[in-house]
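Scroll down for the structure; my scribbles are underneath it.
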Amino acid sequence: MAETLSFNCGDCQCRIKTSFQRLKVIINGEDRPITTSSDLINPQASPDADPPVLQVWGGYPLRGHVKISGAKNSALAIIAAALLCPQDCRIRNVPSLVDVTRMGQILLSLGVKLEQHGDVLDINANVIGQSKAPYELVSQLRASFFVIGPLLARLGAARIPLPGGCTIGARPVELHVRGLQAMGADVEIEHGIVHAYVTGSNRKLKGAKIYLDYPSVGATETLMMAATLAEGETTIENAAQEPEVIDLANFCQAMGAKIRGAGTNTIAIVGVRSLHSVDYTINPDRIEAGTFLVAGAITHSELSLSPVVPDHLTAVIAKLRDIGAQVIAEAPNRLRIIPEHSLKATDIETLPYPGFPTDMQAQFMALLTLSQGDSLITETVFENRLRHVAELNRMGADIRVKGKNAIVRGVSILSGAPVVATDLRASAALVLAGLAAKGKTTIHGLHHLDRGYDQLEMKLLSLGAKLQRLPNSAADADSRSTSNPVSIHQRD
Ligand code: EPZ
């Protein structure tokens with residue numbers, strides 16, 4: 001049976017179509033021949049066939065303060081929500097990420113006006129030129145499916161390609177679709193495209209009582225946005241309670257939407273005729289903040305970070321304290337981690353908020369590889385989010401996987417190795433493991449990292465980390481030389 005690979009969620013810049021024999025990879029619209037798996041990492045055809053890699057030298061303590069950027073998962077939903085408003089929307093604290101750029105491209109492809117100045121985004125969706133989002137863009141960014149709610153609410157029609165699965169799971173969207181149908185939309189899926197439209201004279205969605213089988217973040221956000229302009233009241237029960245859902249609700253309310261209960265498991269939205277202009281600042285990214293807290297713990301370094309909302313990190317902070325680290329709220333929006341020399345083991349089960357976030361599972365696994373004792377990690381949110389285990393084991397970790405459980409047996413050291421990032425949070429886990437490992441780690445697949453971390457390397461360098469990004473070919477040449485981090489930097 002020919003080996004197949006599939007990831008197609010925008011989590012990477014590649015779209016892989018079939019089995020190895022007939023594999024073609026399309027990068028930026030250009031076909032590339034693929035013969036072996038390593039070609040995925042460095043297809044020979046064109047210049048970016050020499051993708052960058054990150055070299056990390058471990059064992060150096062970090063110190064200082066790091067600034068946390070705006071939240072990726074808030075930004076993506078809030079940019080989509082700007083489609084609900086016929087007036088100017090100014091969105092501040094927008095992180096500089098590949099995913100954010102892609103969401104912007106989707107709005108531009110719908111004929112919306114959009115300008116970016118640093119971390120400020122100005123959007124005007126007075127005119128939405130069309131209701132169809134291009135497959136090329138949607139296939140690169142799952143979250144772009146969220147535009148189906150605002151387009152249906154504004155135009156009474158939307159044609160959005162199915163986002164498809166990704167490396168961390170199948171990620172279906174039936175909860176989004178069923179909720180929109182409950183609000184009166186006719187939805188057909190043909191040739192991989194979701195055709196949704198509202199019949200009737202004013203083509204308006206109607207308020208409805210919706211119960212979600214699972215507190216899906218995306219479905220809650222899509223339906224909450226759609227309901228803001230619907231006729232009547234909508235309630236979403238068993239809704240997601242993530243801080244990003246609250247951030248989105250606050251943005252919509254700032255435009256005049258009537259929303260109650262965001263952040264609880266029941267959200268009520270009373271539709272309004274239209275929304276007005278807004279100037280809104282996005283929350284800091286709790287997952288980026290959590291990643292830096294783990295960076296402090298895994299390198300036994302004292303670090304402070306801001307702005308953060310400590311309450312958004314309750315589950316993560318609790319687990320850091322469990323294993324012996326001290327985490328102090330130095331100010332309402334500032335945290336300090338004071339590490340312990342030896343880390344204890346602990347068990348983690350990922351759950352919808354306020355449970356332990358699945359987006360911190362990989363980073364925490366990297367940390368627990370160096371703890372004293374055995375930890376059990378259970379990934380309950382996504383069915384295929386343990387692919388970083390093999391790469392951490394390549395670095396000398398001792399992790400065994402059984403279904404959705406990973407048993408992490410603590411080891412005394414990790415050693416640097418060439419590793420491949422398989423998704424966004426896995427890439428962060430490999431950077432963290434590299435910071436703690438003996439020697440040099442070379443991380444391939446950086447397009448995952450760039451999707452969700454705003455200037456991670458710059459921030460780590462400012463804290464004293466030893467790392468550099470360079471083309472794969474240069475890294476190969478470099479591995480033949482005996483250079484060490486210090487001389488590398490001098491060369492920079
Ligand atoms: C959001 O994804 C985040 N992405 C994810 O962050 C995050 O991991 C996830 O929520 C959970 O917290 C964005 O906000 C852009 P879900 P989303 O719908 O909305 C199943 C990161 O690393 N499900 O809550 O796609 C689904 O398959 C990313 O930043 C259905 O079965 O997550 C999954 O197993 C990764 N049917 C579970 O629910 C549906 O219709 C949770 O998915 C919808 C979801």
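The values are calculated or read from the model by the stated rules, or taken from the named source; none is laboratory data. None of these values were measured; they are calculated from a predicted model. When we count neighbours, we look across all protein chains shown, and the Cβ atoms used for this are built from the backbone with ideal geometry, even at glycine.
The set of residues from segment 170-216 being surrounded by fewer than 16 Cβ atoms within 10 Å (Cβ to Cβ), under 20 Å from the mean Cα position of the chain (by Cα) and in contact (Cβ under 8 Å) with a residue 24 or more places away in the chain comprises Ala170, Tyr214. Within segment 204-261, the set of residues being among the acidic types (Asp, Glu) and either touching a His at 6+ places or on another chain (Cβ under 7 Å) or under 20 Å from Thr358 (Cα atoms) (or both) comprises Asp213, Glu221, Glu242, Glu244, Asp247. Taken over segment 196-213, the residue count meeting the criterion of being at pLDDT 95 or above and more than 16 Å from the ligand (Cβ to nearest atom) is 8. Could you tell me whether any residue of segment 169-176 is farther than 25 Å from Thr350 by Cα and not acidic (Asp, Glu)? Checked against the condition, which is being farther than 25 Å from Thr350 by Cα and not acidic (Asp, Glu), segment 169-176 yields no hits at all.
Here Gly111 qualifies as farther than 19 Å from Phe251 by Cβ, away from the ligand (no atom under 16 Å from the Cβ) and not charged (D, E, K, R).
Working carefully through the options Gly256, Gly296, find the one that is small (Gly, Ala, Ser), at negative phi and not in a strand (DSSP E or B). Give the derivation first.
Numbers: Gly256 fails: at negative phi.
Result of the check over Gly256, Gly296: Gly296.
Given the criteria at pLDDT below 95 and out of contact with any Leu (no Cβ under 8 Å at 6 or more places or on another chain), does Gly192 qualify? Taking the combined requirement at face value, the residue does not satisfy it. Based on this model, can you work out whether Ala143 counts as within 16 Å of the ligand (Cβ to nearest atom), buried (at least 17 other Cβ atoms within 10 Å of the Cβ), modelled with pLDDT under 95 and among the small types (Gly, Ala, Ser)? Yes, satisfied. Checking each residue in segment 364-407 for being away from the ligand (no atom under 16 Å from the Cβ) and assigned to a loop (DSSP other than H, G, I, E, B) picks out Thr369, Leu370, Ser371, Gly373, Met395, Gly396, Ala397. Among the residues of segment 471-485, is any modelled with pLDDT under 95, of a type outside the set (Ser, Thr, Tyr) and under 26 Å from the mean Cα position of the chain (by Cα)? Within segment 471-485 (the criterion being modelled with pLDDT under 95, of a type outside the set (Ser, Thr, Tyr) and under 26 Å from the mean Cα position of the chain (by Cα)), the answer is yes, since at least one residue qualifies.
Residue-by-condition table, conditions (1) over 28 Å from Ile287 (Cα atoms); (2) under 20 Å from the mean Cα position of the chain (by Cα); (3) free of Cβ contacts under 8 Å to residues at least 24 places away in the same chain; (4) away from the ligand (no atom under 16 Å from the Cβ):
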residue	(1), (2), (3), (4)
Ile68	no, yes, no, no
Lys72	no, yes, no, no
Ile78	no, yes, no, no
Asp122	no, no, no, yes
Gly129	yes, no, yes, yes
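Being among the charged types (D, E, K, R), surrounded by fewer than 16 Cβ atoms within 10 Å (Cβ to Cβ), away from the ligand (no atom under 16 Å from the Cβ) and in a loop (DSSP other than H, G, I, E, B) holds for only one residue in Glu340, Glu330, and it is Glu340. The single condition among (1) within 16 Å of the ligand (Cβ to nearest atom); (2) in a strand (DSSP E or B); (3) touching a helix residue (DSSP H, G or I) at 6+ places or on another chain (Cβ under 6 Å) that His312 does not satisfy is (2).
Checking Asn283, Asn250, Asn265 one by one, the residue that is within 28 Å of Leu456 (Cα to Cα) and out of contact with any helix residue (DSSP H, G or I) (no Cβ under 8 Å at 6 or more places or on another chain) is Asn250 and no other. The residues in segment 315-343 that are among the basic types (Lys, Arg) and either closer than 23 Å to Leu430 by Cβ or touching an Asp or Glu at 6+ places or on another chain (Cβ under 7 Å) (or both) can be counted, and the count is 2.
Only residues that are away from the ligand (no atom under 16 Å from the Cβ), part of a loop (DSSP other than H, G, I, E, B) and buried (at least 19 other Cβ atoms within 10 Å of the Cβ) were counted across segment 217-246, and they come to 3.
Tallying residues that are more than 25 Å from Val381 (Cα to Cα) and either more than 16 Å from the ligand (Cβ to nearest atom) or in a loop (DSSP other than H, G, I, E, B) (or both) within segment 159-192 yields 7.
When you look at Ala133, is it within 16 Å of the ligand (Cβ to nearest atom), modelled with pLDDT under 95 and under 24 Å from the mean Cα position of the chain (by Cα), yes or no? For Ala133, the condition - within 16 Å of the ligand (Cβ to nearest atom), modelled with pLDDT under 95 and under 24 Å from the mean Cα position of the chain (by Cα) - is met.
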